[in-house]
Structure formats: structure tokens, C-alpha cells
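First up is the structure itself, then whatever we jot down about it.
The values are calculated or read from the model by the stated rules, or taken from the named source; none is laboratory data. Just so we're clear, the structure is a prediction, and the values are computed from it rather than from any experiment. Cβ sites come from the backbone with ideal geometry, for glycine too, and all protein chains shown count toward neighbours.
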Amino acid sequence: MMKHLPTASKTIAMLLCATLLVACSGNDTNDAEEEARLKAEQEAAEAARLQVELEAANAEELASLEEEAASHGTIFYFEYDSATLTPEALDALNAHIALLHRNTAAVRLEGHTDERGTREYNLALGERRANAVRDYVVANGISSLRIETVSYGEERPVAYGAGDSNWTQNRRVELVKQ
Amino acid sequence: MKRLHIFLFTVALSLMATTVRAELTIEITQGSDDPASIAVVPFAWQGSGAPPADVAEIVDGDLARSGQFAPVARVDMLGRPTAEADVFYRDWRAINAEYLLIGRVSGVNPVRVDYELYDVLRQTRILTGNQSGPASEVRMVAHRVADAVYEKLTGVPGAFATKLLYITVDRKDGGGLSRLTLSDSDGASPVVLLKSGEPLLTPTWSPDARHIAYVSSESGRPAIYRQELATGKRQQLTNFKGLNSSPAWSPDGRSMAMVLSKGGNPDIYVMDLASGQLKQLTRHYAIDTEPTWMPDGNAILFTSDRGGKPQIYRYDLRSGATDRVTFEGSYNARPRISQDGRSMVMVHRQEGRFHIALQDLVTNRVQILTQTDLDESPSIAPNGSMVLYATKQAGRGILAAVAVDGAAKFSLPARQGDVREPAWSPYLNR
């Protein structure tokens, strides 16, 4: 539990302990007590200010991770007959994984193929692609309970018609936030 | 879940009689080299009121589609006999007809067809027969006449009195509405059995043609459903994690082969339909899919990419041994076997193009049957004469058929939208 607390929080905790020690240190005069009370107030205000800064930093970091993931898009493409993650797909996935470490979102991975070949084999190939993405995400520390996979095979193309420009668009896994 | 099933059952029922948007048209693209010329004279209608159907036209169309017959055009007929007394062989020799079929339609309900077939050159009657049926099934009655004529002249039972299952998709619906449709073997009398906004795949027939099964993703992931044709009652057979797909009835009707990936990757299983018990046949990290049974029930052929690319393998149910069956080309998939167990049709890729090919399982000789590209889902007629399959024409999905010797061809585009995944029924009522 402790290791997940950012450094700022640890500092605050230590400051609070230190403040308590100072406040209970013994038989000082009223002046010293007054001084101690003022000091405690200052340190509490400092702690509150740091807390606000921490939350702002977290929000900023989250927003930046979301922006980074969004800039890669939520579609990962594949080579013909292949379920191997390309370097571009890995880049994109790394951004999504970093975000998934910081939020609690559940995702669905939808696997697709182009129209060539038989439909049932393509249904299985779509699943293999979705599983490849899932396995990489899980291997990088995201719980498999947060990931659902489904295959549409060749049944849900984004581009109709023959030819590489259409087929390339259809060989994909789509990440959908639940 | 139950409410969803009731809703879908209602949807299915309410669509049982619709014929909109599922109609196929037929275009004959090629006949065989030496078709026999046959004159099918319009049959006499001996009842009152309008005749129930042009029976001769239905028989004519069946024989023409087989590619083995060249029917005589009605305008060329020198006479219109409907009884033996009116047959003058010289009229038919004059136009080089080899065979002559005449007949009479009578009765309102049931309707009855009497017919006689003549060998023009030998000047003798070679077949006499009759067929009856409910008036609502007059087209089927006509197809049975065509079956009898076909069998008499070729020695092979006809497969015209059969049904087709197929799936139509109309992209105008927003790219996602699929209709599972049942029609006659010539595409007539279409009936929508199921409409779904989620993918439908692999319609298949039970051996007694009373049930069908298919894959539907209506529940959120692919699952196998069985449906009774007479009542429309359906039952979800599987609900495992991952794929539940590619159903195939055993020849004795008691089991169903299927593909499940609940074990981590797609493998072939067999389910005992009475008990629901599952037996796992393949255990391989590769994709194993598209199982189909040998007619003797002793083996299952399936597609597997365990060798790197999809090829067809055979699992022997007695020994548990698996052997590779296809060795030509880098992609062979989706096997279907003829009733005599000798011929296998499949999807075969050559130079990047996907064709339907036939492999003789005894000699292992492979013959490519089609010149079309992006061919898929071959289905063999129950008499083994023709292969129906799906392909693309001008960007649209159509059905097409080719004779097993590659000679005759016809296509069945839908009037509207794409059509795919044909499944030819077994013989009916046998």
C-alpha cells in the first residue's frame, strides 16, 4: 500500500507526524505553545496547498495520458493472414496500457479480418487478433478481468469492395471502452 | 435472456411468410458441351379457373439449369400435344429434339400432374408417371416431375425438389441487417426464417431436413442455434466463452460437430444432441474449424492452420488419428463431401485468387471448377451433380452454381443486396 503513495503524500504524512511530536513535546510556556500552534497552522496550510497541487498534477498527468492514447487511435491494424502485432500497433498499445494503469476502465477488443478466405476461418482469425492484443495488454500488467474479446470475422468491414486499400482497413482490432 | 428469445421467436414467426427482398434471379451462364435437346410442351390444365402454375416452365428451367439439357423454345414447337394421341414424331425430328415431355395438370387441391416422356429418335414412350401434392406446393410437384425425367435420362436422381438456405444482407439497412432465407432450389418462394442486426453464419441442414442450425451473434458473441423448420422453435445449443461456431450434423442426425475456443484456441468438438455432452476431438494451439462429416460417419474433415496456412485434415473417429488431406496450393479450406464419399469440394487459393476446387479423395487429383474470384461456402447438391457457392460479381455478393465436371454454370444474384452462405438441403421426404 505505502509504495503506491506518491512522494508528496509521504512528505505530508511525515510533516503531520512531526507536527504532532512538536505539539506534544512538553512543559513549554504559553508563548512557546502559541508559537507551536502557529507553526502547526502554517504546516497544515502548506499540506493542503500541496494536496491541491498533487491532485492537479494527477489530473494533468491523466489528461496527458488520455491525449497520448487518443492520438494513437483505438484501432490496431494487421498484415494479411497474420495476428502478429506490428510496431505501430505496439506503440499505440503502450499508450493505452499506460492509461489503463491510471484508470479503472474496462475495455472490449473486437477482432476483424478482410473478406478474403472462408468465413469461419476468418471468425477464428479475428479472435486470434483480438487475443493477441489482449495477451500483450495483460502481459503488461492489466488485469484480464477488465478485458473482453469478441470476433466479427469478415462480417463487419469498414470498407467495402476488393483491393488492398479496402482490405487493409478491415484487418483490425478495435478497442472499445465499456 | 428469455424475453429476448421470445421476441426473436415472434420476429421470426412474423417473417415466416414475407417474400420481400430475398428473391433470387437465375442467369444461366454456360451449358455443357453436348446438351441433349428436349421439348417440354406446355402441360394441359384440366381444372377450372386459372392454372396453379406453369408446370412445364418449371421443369424446363430445372433441366436447363443442370446444363445437360437444351430445352426447345416454345416458339419453335410445331405442335402442342398434351396426350399420346397427338404426338407426331416427325414434328420433333424436324427441329432435332431428342426427347419430348408432355403432360396434364388436374385437380384444385391436391393438384395432380400426369406426364409421358418420349424418345423421339426411337419413336417410343420411355417414361409414364404422375405426381401430386397440395396446391400450395405445386412448384415442388413440378420439381418432382423434373427429378423423374432427369433420373430417367441420366441415371442420376434429380435434385430439383430440394430447398436452399442462404443469407442476404442489404447494406442499405445501415450495413448490418442479415436475413436467413429458405427457398426452392431454383430460388423461388423465398421465406425469411430469421432477421438479425448481428452477424449470421454457417446455416446447415439436419440429415432429415426437419431442422437447421446456424451461428448467430445476437447474444453478443457467436453462438450455435438449432431451429425446427415446421414450427420455427429455436434453441441455443452452446454458450461458452469465445467462439461457438461452424455447426455440422452427423449423418445419423444424433451428433453435431462444432468449433469451440473455450479451451484457449478454436478446436473441433462433437456434441451428443440428446444429452448435450461434449467430446473434444482436436487439441492443437492452431485454428481448427469448419468440420464436416464423411457420409459413413467415421471421420470428420476440417480446416486447420497447424501447418502454417489453412489446409484440410481428416480426423478418424475410430482411431483418433489426424491426417492431412490437401497438399496442392497454400490455402485449402471449408471442405464438403459428396454423398458417395468420393469427392470433396473446397475453397482453394491459386495466385491470390480464391476458387472452388474439387479433389477426388481416392486419386487426390484436384480440379479447379470456377474462374470467378473470392469464391466461398461451397455446398454440394444431394445428387452430387452441382456445387452451389457464394462469390462476387461487380462488387455484389451473389450465389453461383457449377456442375462437378465444371461444364455447366449459372448464377443467382439477389434482386437487391448481397447473398451468401448457401446450404443445399438433403433430399426431402426420403
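So which of B:ASP305, B:ASP323, B:ASP340 ends up being among the acidic types (Asp, Glu) and closer than 21 Å to B:VAL404 by Cβ? Can you show your working first?
Working: B:ASP305 fails: closer than 21 Å to B:VAL404 by Cβ; B:ASP323 fails: closer than 21 Å to B:VAL404 by Cβ.
Criteria check complete, one pass: B:ASP340.
Can you work out which of the residues in region B:180-228 that are part of a loop (DSSP other than H, G, I, E, B) and of a type in the set (Asp, Glu) is surrounded by the fewest Cβ atoms within 10 Å (Cβ to Cβ)? Outline the logic, then answer.
The first filter runs over region B:180-228 and keeps only residues part of a loop (DSSP other than H, G, I, E, B), leaving B:185-190, B:197-199, B:206-210, B:217-222.
Filter again for of a type in the set (Asp, Glu), leaving B:186, B:198, B:208, B:218.
Details: B:ASP186: 21, B:GLU198: 17, B:ASP208: 12, B:GLU218: 18.
Residue satisfying both the conditions and the ranking: B:ASP208.
Going by what's in this entry, would B:GLY276 be described as among the small types (Gly, Ala, Ser), within 14 Å of another protein chain (Cβ to nearest Cβ) and part of a loop (DSSP other than H, G, I, E, B)? Working first, answer last.
On the way: among the small types (Gly, Ala, Ser): yes; within 14 Å of another protein chain (Cβ to nearest Cβ): no; part of a loop (DSSP other than H, G, I, E, B): yes.
Here the answer is no, as B:GLY276 does not meet what is asked.
Please go through region B:334-360 and pick out each residue that is within 18 Å of B:THR202 (Cα to Cα) and without any contact (Cβ under 8 Å) to a residue 24 or more places away in the chain.
none
Name the residues in region B:344-384 that are within 13 Å of chain A (Cβ to nearest Cβ), among the small types (Gly, Ala, Ser) and not in a strand (DSSP E or B), would you?
B:GLY352
Take region B:231-254 and flag every residue that is surrounded by 21 or more Cβ atoms within 10 Å (Cβ to Cβ) and either assigned to a loop (DSSP other than H, G, I, E, B) or more than 14 Å from chain A (Cβ to nearest Cβ) (or both).
Within region B:231-254, B:ARG234, B:THR238, B:GLY242, B:LEU243, B:TRP249 qualify.
With respect to B:ASP60, determine if the residue is surrounded by fewer than 17 Cβ atoms within 10 Å (Cβ to Cβ), under 27 Å from the mean Cα position of the chain (by Cα) and among the charged types (D, E, K, R).
Numbers: surrounded by fewer than 17 Cβ atoms within 10 Å (Cβ to Cβ): no; under 27 Å from the mean Cα position of the chain (by Cα): yes; among the charged types (D, E, K, R): yes.
Taking the combined requirement at face value, the residue does not satisfy it.
Of the numbered conditions (1) in contact (Cβ under 8 Å) with a residue 40 or more places away in the chain; (2) within 12 Å of chain B (Cβ to nearest Cβ), A:ILE75 fails exactly one; give the number of that condition.
(2) is the only condition that A:ILE75 fails.
Hey, B:ARG324 hits all of (1) under 13 Å from the mean Cα position of the chain (by Cα); (2) free of Cβ contacts under 8 Å to residues at least 24 places away in the same chain but one; which does it fall short on?
Looking at each condition in turn, B:ARG324 falls short on (1).
Hey, can you tell me all the residues within region A:113-146 that are out of contact with any His (no Cβ under 9 Å at 6 or more places or on another chain), more than 11 Å from chain B (Cβ to nearest Cβ) and in contact (Cβ under 8 Å) with a residue 40 or more places away in the chain?
Hits for region A:113-146 are A:THR113, A:ALA132, A:VAL133, A:TYR136, A:ARG146.
Considering region B:386-430 alone, what residues qualify as being in a strand (DSSP E or B) and among the aromatic types (Phe, Trp, Tyr)? Full working, then the answer.
Initial filter on region B:386-430 (in a strand (DSSP E or B)): B:386-393, B:396-403, B:409-412, B:414, B:418-424.
Answer for region B:386-430, where residues must be in a strand (DSSP E or B) and among the aromatic types (Phe, Trp, Tyr): B:TYR389, B:PHE410, B:TRP424.
Only one of (1) touching a Pro at 6+ places or on another chain (Cβ under 9 Å); (2) under 25 Å from B:PHE410 (Cβ atoms); (3) among the polar types (S, T, N, Q) is not met by B:ASN96, so which one is it?
Among (1) touching a Pro at 6+ places or on another chain (Cβ under 9 Å); (2) under 25 Å from B:PHE410 (Cβ atoms); (3) among the polar types (S, T, N, Q), B:ASN96 violates only (1).
Can you name the condition, by its number, that B:TYR315 falls short on among (1) within 13 Å of chain A (Cβ to nearest Cβ); (2) in contact with a Leu (Cβ under 6 Å, 6 or more places away or on another chain); (3) among the aromatic types (Phe, Trp, Tyr)?
Checking B:TYR315 against (1) within 13 Å of chain A (Cβ to nearest Cβ); (2) in contact with a Leu (Cβ under 6 Å, 6 or more places away or on another chain); (3) among the aromatic types (Phe, Trp, Tyr), the one that fails is (1).
Against the condition without any contact (Cβ under 8 Å) to a residue 40 or more places away in the chain, closer than 24 Å to B:ALA70 by Cβ and crowded, with 20+ Cβ neighbours inside 10 Å, how does B:THR370 come out, does it pass?
Working: without any contact (Cβ under 8 Å) to a residue 40 or more places away in the chain: yes; closer than 24 Å to B:ALA70 by Cβ: yes; crowded, with 20+ Cβ neighbours inside 10 Å: yes.
Here the answer is yes, as B:THR370 does meet what is asked.
Have a look at B:ALA83, B:ALA50, B:ALA73, B:ALA44 and point out the one that is among the hydrophobic types (A, V, I, L, M, F, W, C) and at pLDDT below 95. Talk me through it step by step, then tell me what you get.
Values: B:ALA83 fails: at pLDDT below 95; B:ALA73 fails: at pLDDT below 95; B:ALA44 fails: at pLDDT below 95.
When all the criteria are applied, what remains is B:ALA50.
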